[in-house]
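Contents: one structure, followed by commentary.
The values are calculated or read from the model by the stated rules, or taken from the named source; none is laboratory data. None of these values were measured; they are calculated from a predicted model. Cβ coordinates were reconstructed from backbone atoms using ideal geometry, including for glycine residues, and neighbour counts include every protein chain displayed. We work out accessible area using only protein heavy atoms, side chains counted, and drop any ligands, DNA or RNA first. Shrake-Rupley method; radii C 1.70, N 1.55, O 1.52, S 1.80 Å.
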Protein chains: 2
Amino acid sequence: MRRSDGCGGYRLWLRYDPIDDPATRRDYARLTRRICLPTGSSGAPMAARAELERGLEGLLGEAPRISEEARGATLLAGTPDSCPPLGNAELRAELEALGPEGYILGRRLVAGRRRWVLASAGEAGLLYGAFRLLRMAQTRVPTSGLEVRDRPSVKLRMLDHWDNLDGTVERGYAGSSIWDWHRLPGYLPERYRDYARANASVGINAAALTNVNADPLALSTEYIEKTAALAGVLRPYGIRVFLTARFSAPLDSGALATADPRAPEVAAWWASKAEEIYRCIPDFGGFLVKANSEGQPGPQDYGRSHAEGANLLAAALAPHGGTLIWRAFVYSARASEDRAKQAYEEFVPLDGSFLPNVLVQVKNGPIDFQPREPFHPLFSAMPRTALALEFQITQEYLGFASHLAYLGTLFEEVLRADTFRGGPGATVAKVIGGSQGGQGLSCVAGVSNVGASLDWCGHHFAQANWYAFGRLAWDPSLAAADIAEEWARMSFTNDDGAVHRIVAMMMGSREAVVGYMTPLGLIHIMGWDHHYGPGPWISEGRPDWTSAYFHRAAGDGIGFERGPLGSAAVDQYAPPLRELFGSADSCPEELLLYFHRVPWDRPMRSGRTLWNELCLAYQRGVGAVAAMRDAWEGLAGFADAVRFEEVRELLAIQEAEALWWKDACLSYFASLSKRPYPEGVRAPAHGLEYYKALKPQYVPGIGRTR
Amino acid sequence: MRRSDGCGGYRLWLRYDPIDDPATRRDYARLTRRICLPTGSSGAPMAARAELERGLEGLLGEAPRISEEARGATLLAGTPDSCPPLGNAELRAELEALGPEGYILGRRLVAGRRRWVLASAGEAGLLYGAFRLLRMAQTRVPTSGLEVRDRPSVKLRMLDHWDNLDGTVERGYAGSSIWDWHRLPGYLPERYRDYARANASVGINAAALTNVNADPLALSTEYIEKTAALAGVLRPYGIRVFLTARFSAPLDSGALATADPRAPEVAAWWASKAEEIYRCIPDFGGFLVKANSEGQPGPQDYGRSHAEGANLLAAALAPHGGTLIWRAFVYSARASEDRAKQAYEEFVPLDGSFLPNVLVQVKNGPIDFQPREPFHPLFSAMPRTALALEFQITQEYLGFASHLAYLGTLFEEVLRADTFRGGPGATVAKVIGGSQGGQGLSCVAGVSNVGASLDWCGHHFAQANWYAFGRLAWDPSLAAADIAEEWARMSFTNDDGAVHRIVAMMMGSREAVVGYMTPLGLIHIMGWDHHYGPGPWISEGRPDWTSAYFHRAAGDGIGFERGPLGSAAVDQYAPPLRELFGSADSCPEELLLYFHRVPWDRPMRSGRTLWNELCLAYQRGVGAVAAMRDAWEGLAGFADAVRFEEVRELLAIQEAEALWWKDACLSYFASLSKRPYPEGVRAPAHGLEYYKALKPQYVPGIGRTR
């Protein structure tokens, strides 16, 4: 029989279990014995205080003494305005340079004495600093010599919830939506606050509450009131809310006969709608819009460009300081010669024509959140447009919530990718504003994996993806391995050996998924529509929604030719990347089949043929999951029994599904390549027809409204 | 800022917070200092042991010493077979008389010494006894003079989950389904065990996992495997699983061209399906079937009777000891003259023609789980048929999970209702087998209010309805007030004054709902289909699905005449009830408009006119909610801040919706009665058109599959 510990994973990484190491406990007890933290009556300082009380009581075994009294305090916490001792010119200048979200945690000369300070120019920074202090205690960072100066690199660090108003979540694998729209605005369960705490602890400061496949009802007066109530709960945690706007809302609402951006009444409708929203939610973030993509309405319905559409809504938001986020993920009504090229072709000509409060939000790759894609070429091609980077935290294409796939490595790979915009060194992180220190607009968004399940994300390890997203959005220069370690220490144990093994599991996990699903640059060969399980044989229906379109496998070879002799999509990349990617000889092998169609017998760097390498990649993917299972077995005792057993069961599912992927894909590809499986690769357990006949029912994540 | 306490309401009534009263703590510490509990390797004793460890550790502050060693034990727990000291002839006889689910908790002569024993003839009884011991400690029952002999009155105490395979819950208001069908059979999160613990703690021993609007996929080999995995988790807690069977399954599955009960291949299909299920789940409970009702397929599609249909499936289950539960809730394809009469008319002629392993499941009232209905006349009319009683725990018609409506009083009212079958004293409880001591089949079922929300039921007080259902199903003679007290002590506080006030709130709450929704015998005037909010004006569409059909209000009066001059539905009741209900003069006023159509100016017992009494009833309902809010305000400090605040917010919603109900209904009825509101009744805030124009969107509980 297994014992519950803290309601399974409900506490996330904010567990605050007692510090077992006496020296560390003594250190933090000394540092926090008496905290001066003037809260006034505003939100963020109150939230910081509550978190310090909760966290330190858990970590140290007794509640800290927190008051407004600076005399005798072991730690001075506040802003220069709220806490007069922190108001000296030197400190004030230092804090102001860090901005309202930045903070200092260290020793400073205050009224002639060196004292511990947790200080920020703004109240949000104070809250982030409080979480930082708690994280250090949770991860056993010694206080001696402690000196932290931190600030976010990106202005908007945002979760996009694809949550429908009926409570379903499109591509959600963790139960229903956490938003109880039916009982808003009156009912504000504690879970909303716990959600906000989790976000604030990693620096997430914005949330789009509704699905990008948008419902015009979200902009109705009734739902604005509901949204305002949620905004009220999130505000003390530094989080601003966004809503998705359906482009045809003026029409859908019955108010107007058109949604044409050039019609003056349409502009007036949006202006009036924005005014209505800002009356209720003065710090409303703005709108997120998916338009002219996958059937969503948009400006092209009226022969207008994306820029005209975006600027229409941006103009309505501008007087109130709002931001308009326009998605570059466009799927036109007809199939194209090369799907990968569409966003670039539609958006590059518009560079420079967006209003200053517009962000164009670009997915990390040109296709759709695959286990591995090259970075999106738009990142090097729109220098006069503020670009937001969109990741997907929910594992639509990476095994749903059943597979352990740590995405910190994926995020890191994209953020560090060099776009060569204007020369080498222009990483994606720098392009989206990560290096500009918060000048102008900048945004990293992640499609949320949060749902109403007890463990929030459907898999205890999926919590790490929420965590890593937030940490990297704050500081894109962080290493995925370091983030994994932080998270493992906070979530499971501070035993160094165990942490090392957990981190090793996490760090290899995404590559394992790439291996058993889509190695060597393959993409989008999963089950149709629901994206569950393998479907490389899918070839019917709209061509650019099929697997066959993407892998182009036949008797002579496999891959999509995007080089100069193919679709020339490589030309969308800056030199030298277009040359690097453009030749099968120089193209990184991990992207080979994305950029090139090559013969089955093409020799690879290993000396093996492509076919053999492909088979081995699938086999290695499965083997990596088996190794994760072994590793986890050795970690019993480092997690409470409930979480240990739940992860154990999920790893068993993952191995079974990895095998399904390998066997189904190899059966199919072998039927075309007509080549034998190389040594070291197990032949599939069943014939191809068996795998094709599997038709999973009631696959989660479809969502009720599309 | 508010602090979380135990993940909101996740811990249900099994909180096991430390006993604050030193004397009680000492008592229980002494009693449980050393427990002898031989667990062997089977489920229920292990579950009992785990629960005692968890519970006593929480209550007493340290884990009990539990072993197989009888010597020196302060408490001997086990069965006569597992624990030899309990095997003496006298005790064995006493235990066997209580049956395998009954138990003794008290002092008995064991090997010449009086010792504390927790003993049962069966392993399930041991588990129930362990929960009883913990409940007594939780509710501070002194151990001195303790002597408990208990056994269930009803054999099947069952939750019916209207959960769809896609994770939605029809009429569910607490999030999505707790069953994660997609990840079954491999993933068995701890929540399943916590669900089982909660059920076992109140004696619930059966669960129908799937919606009565059934999906044939539930009987597929794949889903049988999933169900078997769930059954494996529930088994140690004494819970057997049932599935709903769609009558057309042989046809839907593609196996046969008919589902006609007289076709031999259909009987063979069901026999083979039952065999397949029992191979996987040897203790499978059986099938629950909704047939020929609201569009569900059934035997009448082939011109056969309900009995033929039920017996078809019952015969398939019989060789395996399974039970077939056939619902008497029938809604024919065409509107009837009096909806209330249909079930009786269809089922009474079949009395005596069902196989011995059939239960006919009858809703508590003839209509559909209304805030108040008379008991169902079938309970007095089928003496040769085993009848199951079906309650609805989920508040489809009582304000969803937003309204505090303690249903213990409703359950009690029905169970105690005298059917006069064969003379006075034949209460519904006795008819369904409550007094027969478990001879033959007996069953009380409740439509579950459990969902995946953190607090399980969507409202902290809705947990009390799950609790009360289980307690009354075990022992229908319990008083609703006593159950409320137990629950309040376990869930909130043992402060006598606070308990008294909480119980008072609960005991008046269902009558409050009757008052502001459907007083004086009104029924079914809620919003169409979704049943949210008032809709007394609904009159379009199928007549017997409209409010106007049920209330018959017009210029001259209101009510449905079911007396001898009307539909004569009263004749379905045994004398003297048919006479009592049959005359408006003798009919209880709380059921008046259910049985009679009367003029607006009819004088009531109070001396007021019906119109004035009706208006005052609505007003009193609203007033009762305001009083609950006041009472709750005074209870701050007796609940943790999180639950206190969440209940507080929901009570505010309840008051607003009670007012909406009153104002909408009175506006509408006044438009017909043309009479002024009496003194003490506030005129509605808006005109009738305002209320009619309200069209709630995305109302929860519709479910995706119908």
Sorted by accessible surface (1.4 Å probe, heavy atoms of the protein chains only), largest first, A:674, A:226 come out as A:674, A:226
Summarise the accessible area of the range B:9-150 (1.4 Å probe, protein heavy atoms) by the percent that is carbon and sulfur. 49 percent
Could you work out what % of the accessible surface of the range A:156-491 is carbon and sulfur, using a 1.4 angstrom probe and leaving DNA, RNA and ligands out of the count? 52 percent
Going by a 4.7 Å Cβ-Cβ cut-off, which cysteines of chain A have no partner at all? A:36, A:83, A:280, A:443, A:457, A:587, A:615, A:665
I need the inter-copy label distances for residue A:336: point set 7 Å along Cα to C-beta, values in nm with one decimal, smallest first. 6.2
Of the DSSP beta bridges with both residues in the protein assembly as shown, give the percent that are antiparallel, rounding to the nearest 5. 30 percent
Burial-style ranking of B:321-329, A:214-222, B:607-615, average other-beta-carbon count within 10 Å with highest first, yields B:321-329, B:607-615, A:214-222
Determine the per residue accessible area of the range A:9-150 with all protein chains present and a 1.4 angstrom probe, expressed in square angstrom. 41 Å²
Which lysines, on any chain, are close to residue B:226 with Cα under 23 Å apart, when same-chain ones fewer than 8 places away are left out? A:692, A:695, B:273, B:290
Based on the alpha-carbon set only, what is the convex hull volume of chain A divided per residue, in Å³? 161 Å³
Teacher prompt: residue A:630 distances to equivalent labels in other copies, 7 Å Cα→Cβ, nm: 7.1
Chain A: relative contact order in percent, alpha carbon pairs under 8 Å with at least 6 residues between: 13 percent
Where does chain A land at 222 nm, in deg cm²/dmol rounded to the nearest 500, when only DSSP H runs of n ≥ 4 count, each adding -39500 (n - 2.57), divided by all residues? -11500 deg cm²/dmol
Suppose R0 equals 25 Å; then what is the FRET efficiency for residue B:568 and residue B:335 from their Cβ-Cβ distance, rounded to the nearest 0.05? 0.90
Express the relative contact order of the range A:465-615 as a whole percentage, based on alpha carbon pairs under 8 Å and six or more residues apart in sequence. 15 percent
Under a plain spin-label model, where a point goes 7 Å from the Cα along Cα-to-Cβ, how far apart in nm are residue A:225 and residue B:671? 2.2 nm
Say a label goes 7 Å from Cα toward Cβ at residue B:356 in every copy; what distances in nm does this one have to the rest, shortest first? 8.8
Given points 7 Å out from each Cα along the Cα-Cβ axis, report the residue B:552 to residue A:683 separation in nanometres with one decimal. 7.7 nm
Cβ-defined net charge surrounding residue A:596, 11 Å radius [Lys, Arg +1; Asp, Glu -1]: +1
Magnitude of the Cβ-charge dipole (Lys and Arg +1, Asp and Glu -1) of the range B:66-183 about the Cα centre, nearest 20 debye, reported as 720 debye
Starting from the Cα of residue A:482, step 7 Å along the direction of its Cβ; do the same at residue A:694; then give the gap between the two resulting points in nm. 4.1 nm
Each residue of A:169-177 has, on average, a number of other protein chain C-beta atoms within 10 Å of its C-beta equal to 3
Percent RCO, i.e. relative contact order, over the range A:9-150, from Cα pairs under 8 Å lying at least 6 residues apart: 25 percent
How large is the charge dipole for the range A:9-150, taken about the Cα centre, if only the Cβ atoms of Lys, Arg (+1) and Asp, Glu (-1) carry charge, to the nearest 20 debye? 460 debye
Taking loop as defined by DSSP and a crowding limit of 13 other beta carbons within 10 Å, which GluC sites (Glu not before Pro) in the range B:327-408 fit? B:337
For the range B:63-163, which GluC sites (Glu not before Pro) pass both filters: DSSP loop (anything but H, G, I, E, B) and at most 15 other C-beta atoms within 10 Å? B:68, B:69, B:147
Compute for chains B and A the buried accessible surface, both sides summed, probe 1.4 Å, and express it in Å² to the nearest 100. 4300 Å²
Shielding of A:180-188 by other chains, given as the mean Cβ count within 10 Å, works out to 6
I'd like the FRET efficiency for residue B:149 and residue B:30, computed as 1/(1 + (r/R0)^6) with the beta carbon distance as r and R0 of 25 Å, rounded to 0.05. 0.70
Give the Rg (one decimal place) followed by the Dmax (whole number) of the range A:9-150, computed from C-alpha coordinates and expressed in Å. 14.0, 46
A drop of at least 50 square angstrom in accessible area, chain alone versus all protein chains together, probe 1.4 Å. Which residues of the range A:644-670 meet that? A:646, A:649
Please calculate the 1.4 Å probe accessible area of residue A:155, with all protein chains present, and give it to the nearest 10 Å². 100 Å²
The protein assembly as shown: percent of C-alpha pairs farther apart than 51 Å? 35 percent
Rounded to the nearest 5, the percent of DSSP beta bridges in chain B running antiparallel is 30 percent
Rounded to whole Hz and in sequence order, give me ³J(HN,Hα) for the range B:559-573 from the Karplus expression 6.51 cos²θ - 1.76 cosθ + 1.60, θ = phi - 60°, writing x for Gly and Pro. x, 9, 7, 10, x, x, 8, x, 6, 6, 4, 4, 5, 6, 8
Let's see if you can work this out: charge +1 on each Lys and Arg Cβ, -1 on each Asp and Glu Cβ, no other charges. What is the dipole magnitude of the range B:1-76 about its Cα centre, in debye to the nearest 20? 60 debye
Based on the Cβ-Cβ distance from residue A:605 to residue B:272, what FRET efficiency comes out when R0 is 60 Å, to the nearest 0.05? 0.60
Within a Cβ distance under 13 Å of residue A:92, other residues only, what is the Lys/Arg minus Asp/Glu net charge? -3
Kirkwood Rh and Cα-based Rg: tell me the resulting Rg over Rh for the range B:156-491, rounded to two decimals. 0.94
Work from the charge dipole of the range B:9-150 (Cβ charges, +1 for Lys and Arg, -1 for Asp and Glu, about the Cα centre) and give the residue of B:136, B:46, B:102 farthest towards its positive end. B:136
